[in-house]
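Notes for the one structure printed next.
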Amino acid sequence: MKTPKELGYYFPAEWVKHASTWLSYPHNENSWPDKIETIFPYYNEFIKELSKGEIVNINILDSLMKERVEKELREIGVDMSKIVFHDFKTNDAWCRDHGGAILLNRNEKKRALVDWDYNAWGGKYPSELDNMIPSQMADYLNLEVFRPNIVMEGGAVEFNGKGTLITTKACLLNENRNPSLNQKQIEEKLIEFYGVDNIIWLEDGIEGDDTDGHVDDITRFINEDTVVTVVEENKNDFNHTPLKENLNILKKSRLENGKQLNVVELIMPETVIWEDQRLPASYANFYISNEAVIVPVFNSKNDNKAIYTLEECFKDRKVVGINSLDIIWGLGSFHCLSQQEPEL
């Protein structure tokens, strides 16, 4: 059987026009112990921003959740004609990682979906319901499905849509993902099922990230030849050295066309700690919707600096900061929570 790449498929950049964004509404109290009720106003604000420019598909647990969410969204003025609820049950809310990866075809006007295996970041949490979401999405969208039969998460990979993919060794080479595969074998799967030609390997992620180093907390493409990457200015901070190492790798990296990668430095927020646990707060976990770049902010003195940097990067979209201090207690933010569906 031919691979997606052989058939002309590729994973597009996030700024390509979306048909919709997919979400899995939060319900797992274990992810936000003693705090889940506090995240809903900010999560609903995220939905409202998304719905200004695209359909929002929301996976829900049951009819009671649907009634409550519908009521809350109406109360804040969401256009409910843009909201589609699905009775697709999940273990958790991290749709970036358990949602299907939707591909476009370079030669024909068609799409397909890649259903990677998902084991909740190395078997840390239950994932049997989450693992069914890509198939349910494909059935709803009537898409052909490709199954590589290896573990992969959407937050572990970043794309420019022209053939370059960025990831981290800390995550993809972790033995809790695909212990029987070496780096070359994993690269082959990335190339064939995401339709890329060029892979840039960074090293470690940020402290507090229980995904073992997802790239969407550290380095993001903002156009075909430019990334923003987070840096920690405090030399005594745990993140200073690994982020500096990643910065050096990026400065030496080349794109699929041989050109040097442009690198923009993005400040990190002040340390966010809750119940003696450092949380993976990062401005890089933004989401590029059709109309906006939605950025997590943390009541930090660095919030405005980060927003300004991203405003300089995204001249075609408004940059919207939404408070993520409560959401980050779940160890992720807006990019982790969402998966784009590119328009055909």
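Some notes on this structure:
- For segment 92-208, the Kirkwood hydrodynamic radius comes to 14.8 Å, computed from all pairs of different C-alpha atoms.
- Relative exposure of Tyr283, Tyr140, Tyr10, Tyr125, judged by other C-beta atoms within 10 Å (fewest first): Tyr140, Tyr125, Tyr10, Tyr283
- Backbone amide hydrogens, once placed in the peptide plane, bring Ala101 within less than 5 Å of Val114, Trp116, excluding anything fewer than 5 places away on its chain.
- Only Lys, Arg, Asp and Glu carry charge here, each on its Cβ (+1 for the first two, -1 for the last two); on that basis segment 9-342 has a dipole of about 1020 debye about its Cα centre.
- Projecting the Cα positions of Thr241, Ile76, Thr226 onto the charge dipole of the chain (unit charges on Cβ atoms of Lys, Arg, Asp and Glu, taken about the Cα centre) puts Thr226 furthest along the positive direction.
- Beyond 30 Å, the tail of the calculated P(r) for the chain holds 30 percent of the Cα pairs.
- In this structure, the amide hydrogen of Lys318, modeled 1.01 Å from its nitrogen in the peptide plane, lies closer than 5 angstrom to those of Val293, counting only residues at least 5 positions away or on a different chain.
- Of the cross-linked pairs Lys17/Lys110; Lys52/Lys318; Lys35/Lys235; Lys17/Lys109; Lys17/Lys301; Lys252/Lys318, those separated by over 23 Å at the C-alpha level are Lys35/Lys235; Lys17/Lys301; Lys252/Lys318.
FYI, it's all coordinate maths here, none of it is from the lab. Remember, it's a predicted structure, so these values are computed and weren't measured experimentally. Using ideal geometry, Cβ is built from the backbone for each residue, glycine included, and neighbour counts are taken over all protein chains shown.
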